[in-house]
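The values are calculated or read from the model by the stated rules, or taken from the named source; none is laboratory data. All of these numbers come straight from a predicted model, not from anything done at the bench. So basically every Cβ, Gly included, is an ideal-geometry build from the backbone, and we count neighbours across all protein chains shown. Keep in mind that these areas ignore ligands, DNA and RNA; they rest on the heavy atoms of the full protein, side chains included. Shrake-Rupley method; radii C 1.70, N 1.55, O 1.52, S 1.80 Å.
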Amino acid sequence: TPSNRFSTLESGTIDVLIRTTTRTTSRDAGLNVDFAATNFYDGTALMVSEDYNYGSIHTLSGITICAYAGSQEDRINDYFSSQGMSYSVVDITDSTDATNKFNQGQCDALVGDRSGLAAKWLGETNAYTEVWSSWITPEVIFKEPLSAAVRDYDSEWKDIVEWVWHGM
């Protein structure tokens with residue numbers, strides 16, 4: 001899960017973390033991990049309720065956003081604060097909880113990687129009418145270079161993980 005993935009890696013329960021894990025300077029320096037090659041570039045965005053007309057994220061001041069406490073909330077805060085916009089957060093526990101709260105109107109938007117939001121958005125389409133009930137912001141809140149992670153100071157294993165990725 002987002003909350004225990006690094007401790008699971010550090011404890012040796014797993015040997016490599018290949019998940020939607022963003023490579024950041026603070027994680028690289030502050031956690032007991034090394035990152036292998038970046039395997040996908042994504043970005044954090046919002047999927048917004050049909051109650052808001054399609055447009056820019058800049059029209060969404062005052063919006064309620066379903067997000068995981070911690071990194072997602074920090075990124076939202078950084079972006080909205082830099083734009084002089086207000087928002088509120090509804091904490092979520094997992095993807096199912098997020099979807100349920102969004103569909104029940106407990107939040108106006110979901111935050112996530114654009115690729116994941118696109119999959120969720122396509123899952124909501126009505127194949128018969130081709131009407132979508134939500135939209136994804138064109139702006140990216142945070143750039144996401146996603147990378148595999150291994151335990152710190154295991155350079156030979158990191159090289160293997162990295163070169164397997166290059167080979168694929």
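Mind checking which lysines have their C-alpha under 23 Å from Lys120, skipping anything on the same chain fewer than 8 residues away? Of all the lysines, those that pass the test against Lys120 - Cα under 23 Å, at least 8 places apart if same chain - are Lys101, Lys143. Calculated from the structure at hand, Cα extents along the principal axes in Å is found among [x] 70, 37, 29; [y] 52, 38, 24; [z] 47, 34, 27 as [y].
Among Leu110, Leu46, Leu31, the residue with the largest mean-square fluctuation in a Gaussian network model of the chain, with springs joining Cα atoms closer than 10 Å, is Leu31.
Largest accessible area first, the listed residues Ser26, Ser134, Ser86 line up as Ser26, Ser86, Ser134 when surface is computed with a 1.4 Å probe on the assembled protein chains. Placing unit charges on each Cβ (+1 for Lys and Arg, -1 for Asp and Glu) gives the chain a dipole about its Cα centre, and among Thr137, Asn39, Tyr153 the Cα reaching farthest toward its positive end belongs to Thr137.
Taking each DSSP H run with n ≥ 4 as -39500 (n - 2.57) and averaging over every residue of the chain yields -10000 deg cm²/dmol at 222 nm. About its Cα centre, the range 1-112 has a charge dipole of approximately 120 debye under the convention of +1 per Lys or Arg Cβ and -1 per Asp or Glu Cβ, with nothing else charged. Share of carbon and sulfur in the accessible area of the range 1-47 stands at 50%, probe radius 1.4 Å. Pick out, from Ser11, Gln106, Ile57, the residue whose Cα sits farthest towards the positive end of the charge dipole of the chain, with +1 on the Cβ of Lys and Arg and -1 on the Cβ of Asp and Glu. Among Ser11, Gln106, Ile57, the one farthest towards the positive end of the dipole of the chain is Ile57. Summarising the label geometry, the points placed 7 Å from Cα in the beta-carbon direction at Ser115 and Ser56 lie 2.9 nm from one another.
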